[in-house]
1. Taking only pairs six or more apart or across chains, which ones have beta-carbon atoms under 7 Å, a first residue in region 252-273 that is free of Cβ contacts under 8 Å to residues at least 12 places away in the same chain, and a second residue that is among the hydrophobic types (A, V, I, L, M, F, W, C) and surrounded by 16 or more Cβ atoms within 10 Å (Cβ to Cβ)?
2. Out of region 177-204, which residues are over 18 Å from K94 (Cα atoms) and either in contact with a Phe, Trp or Tyr (Cβ under 9 Å, 6 or more places away or on another chain) or buried (at least 19 other Cβ atoms within 10 Å of the Cβ) (or both)?
3. Does region 157-176 contain any residue that is in contact (Cβ under 8 Å) with a residue 60 or more places away in the chain and charged (D, E, K, R)?
4. Pull up region 291-328, narrow it to residues that are outside any strand (DSSP E or B), within 20 Å of A353 (Cβ to Cβ) and not hydrophobic (A, V, I, L, M, F, W, C), then point me to the one that is nearest to the chain's Cα centre (by Cα).
5. In region 190-229, what count of residues is obtained for those that are under 16 Å from the mean Cα position of the chain (by Cα) and either part of a strand (DSSP E or B) or not small (G, A, S) (or both)?
6. What pairs can you find where one residue is in region 324-352 and touching a residue at least 60 places away in the same chain (Cβ under 8 Å), the other is of a type in the set (D, E), and their Cβ atoms are less than 6 Å apart, with a gap of 6+ or different chains?
7. Any idea which of (1) exposed (fewer than 13 other Cβ atoms within 10 Å of the Cβ); (2) under 44 Å from the mean Cα position of the chain (by Cα) is the one A154 doesn't satisfy?
8. Within region 240-293, restricting attention to residues that are surrounded by 12 or more Cβ atoms within 10 Å (Cβ to Cβ) and among the hydroxyl-bearing types (S, T, Y), which residue is nearest to V216 (Cα to Cα)?
Amino acid sequence: MNLSKKKIVIGGCAALVLAVAAIGLGRRPALAEAPTAGSQAVLTVSATQPQPKDWPVTLAASGSIVAWAEAVISAETGGLRIAALHADVGQSVKRGELLAELARDSVQADLRRYGAALMSAKASLAQARANADRARLVKDSGAISEQQVAEYLATEQTALAAVEQAEAQVAAQKVTLAQTRIVAVDDGIVTAKSALLGQVVSAGTELFRLQRQGRVEWQAEVDARQLAQIRAGAKAEVTLPSGEVRHGTVRLVAPTLSTTTSRANVFVSLPAGATVGQFASGRIEAGRQSALTVPEAAVVLRDGISYVFEIGDGSKVARRRVETGARRDGLVEITAGLQAGARIAASGGAFLADGDTVRIAEGAK
């Protein structure tokens, strides 16, 4: 009986050992052929070397999307009622397009009154001029006195002045009549409307506000160190809250820093379409520099630390801790931890461990 139990125990132990061995063999199901005697390749990889690239230096910044310029449209004449509205918020308008109309009945009545006064002044001028012309003809003959001649000439000048005054009144009233039509001063988008139908306006009352030409800008805030590196005309890349990326150009760099925040504004012109008031982040180019780059797939992130696997003698890899910088076009900048002539695994680092032996794929760089 005891002998049977011992056989069962021994048999179970043997089965357990075989199972563990099978699991160990299954951990790496696709072993490559051994590149050297006494070692096995755990993975076939392609090799590459860090490449120097001429990359732009970029500065991170954030700020709001603002209108490039605004136009305030106000009433130029007062005491008149808004009779009609032809524009609303969000509407695109063209320069000279009618936005609103003021009641013009009283203005037209005054214009007719001033027109009549002008006709009367012209009639008086014609009579005064005829008398003055006769006085000039007979003044040397003694038919009329010198005093009467002078009176006729003075009356002519007074009548002429009255005509000019009446003409000025008519012209001014025509301007007032034209001002009853509220028109857009530039192409743009209506961003605000304070005009109400039936409202009696005063001269200078704001009625509409336009975003001129529909243009928007990114108003980025930078510190003093960044400000010294940015120049007008530099390229910029702005990421909107929706994740959409817009490319723009620096239009203006503020010449001074704010006394309260010690920061300055950089205005970046953007294509139309971004919503004014959004807060966005982005990067601004500030020159160019040489960068040592490797493919992004060659960099392995473990516990928040970046590594690459350098291929050494005997096709063994050594894990190297590196510091990374900017990323661009599928490449990542290595700022520390790797020499320019090193040979590294271009991919597959996630499956490698320090000291593993690899097989180099044919044709790999």
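The values are calculated or read from the model by the stated rules, or taken from the named source; none is laboratory data. Small disclaimer: the values here were computed from a predicted structure and weren't measured. Glycine gets a Cβ as well: all are built from the backbone with ideal geometry, and neighbour counts include every protein chain shown.
1. Taking only residues 6 or more apart or on different chains, the pairs are T256/A264; S258/A264.
2. Correct list: T180, S194, A195, V201.
3. So far as region 157-176 goes, yes, one or more of its residues are in contact (Cβ under 8 Å) with a residue 60 or more places away in the chain and charged (D, E, K, R).
4. Within region 291-328, the first condition is being outside any strand (DSSP E or B), and the residues that meet it are 296-299, 303-304, 312-315.
Right, trim to within 20 Å of A353 (Cβ to Cβ) and you get 297-299, 303-304, 312-315.
Next, from what is left, pick out any that are not hydrophobic (A, V, I, L, M, F, W, C): 303-304, 312-315.
Details: D303: 37, G304: 34, G312: 49, D313: 53, G314: 55, S315: 51 Å.
Only one residue tops the list, namely G304.
5. So the count comes out to 11.
6. Pairs that qualify, where the first residue is touching a residue at least 60 places away in the same chain (Cβ under 8 Å) and the partner is of a type in the set (D, E), are A326/E333; A342/E310; I344/E310.
7. Condition not satisfied by A154: (2).
8. S269
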